[in-house]
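One structure below.
The values are calculated or read from the model by the stated rules, or taken from the named source; none is laboratory data. If you're wondering where the values come from, they're calculated on a predicted model, not measured in any experiment. Please note: Cβ atoms are built from the backbone with ideal geometry, for glycine as well, and neighbour counts cover all protein chains shown.
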Amino acid sequence: MSKELTRNQIFEILDTKPTNPRWSWCAISPDHKRAIFTLWDDKIRDGKYKFLSRSDPLKNRPGENDQRRILELVTEKNILTYGLVCIAKDITASPRSIKEIDNSYILNIKINKDNGNYVAIIKEKTLILEIVNEIKKENRKSLSSIADLPIGSEIPDRANRVTSSFVRDNKVRKFVLNRAGGQCEYCGKIGFEIKDNKYYIETHHIIALENNGKDTIDNVIGLCPNHHREAHYGIDGDKLELEFIKILTAKMKAAQQGDAPEPATKAISASQPSIAPAR
């Protein structure tokens, strides 16, 4: 069973950073390409969301001061902006705490400034996975100069057989197994030992190939059989997808910075079994 993602975890998978994870209400990407703000569900009115005004009693709190700074930056530089809808445990409490977050989507918003106050105009919902895919495309471009990373295929070839199936890039599979080092990249469990002093781990495409997923190292994760099956058939499969993306996003960042972890001491695991669903 997968756990709910926190606000800070969503900030992270969207490649944005809060000033302080403990009290920040918003986050912005290091390259200032995107920003995301907390929007309380009960305060959205007629497609608009009013942020705290200068006269609000909360104006001197660190979270509000930080939010105002990011709002000014967003309007000044016309930064792409999103809103994360949160439900408060108690709408009368001050400060508020989060009861629930919808992990599947965020809102595309436009920030307007009116007499020193900020209002978000809500345009449309966007699936978080769609934004993550765009970020991964950007990251792949920056990784292109790193030696020995398999390119993979954004549009995997199909093999002409009685039924149509996808031809996976064996270099990508081997790279992922080596990266996993015999451990499930989600739960950390070491696979059972097989011949040649290896541990058994399965490879899994986070976004399925039949759903236009890419056969690339940032879309393939090494999993234990249990979590591989849960990803395919579990009721929390969508939540697992987001958590897998969070894990690989962190690993890709580490690779960019040259501090990726070493694989486990023993040799890596076996490949994805032939009985596994095409994903």
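Modelled with pLDDT of 60 or more and in the same structural domain as E241 (by TED's automatic domain parsing): is that true of E202 in this structure? Yes; evaluated as a whole, the condition is true for this residue.
Conditions tested, residue by residue: (1) surrounded by fewer than 17 Cβ atoms within 10 Å (Cβ to Cβ); (2) under 17 Å from the mean Cα position of the chain (by Cα); (3) part of a helix (DSSP H, G or I).
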site: Y49; (1), (2), (3): no, no, no
site: E64; (1), (2), (3): no, no, yes
site: P95; (1), (2), (3): yes, no, no
site: N103; (1), (2), (3): no, yes, no
site: I109; (1), (2), (3): no, no, no
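Restricting attention to segment 4-47 and to residues that are assigned to a strand (DSSP E or B) and among the aromatic types (F, W, Y), the residue that is farthest from the chain's Cα centre (by Cα) turns out to be W40. In this structure, K43 does satisfy being among the basic types (K, R), surrounded by 12 or more Cβ atoms within 10 Å (Cβ to Cβ) and either modelled with pLDDT of 90 or more or at positive phi (or both).
Checking each residue in segment 118-146 for being among the hydrophobic types (A, V, I, L, M, F, W, C), at pLDDT below 90 and surrounded by 13 or more Cβ atoms within 10 Å (Cβ to Cβ) picks out I128, L129, I131, V132, I135, L143.
Right, Y82: within 30 Å of M252 (Cβ to Cβ) and at pLDDT 90 or above or not? Against the criterion (within 30 Å of M252 (Cβ to Cβ) and at pLDDT 90 or above), Y82 qualifies.
Per the listing D114, D31, the residue uniquely over 17 Å from F11 (Cβ atoms) and loosely packed, with under 15 Cβ neighbours inside 10 Å is D114.
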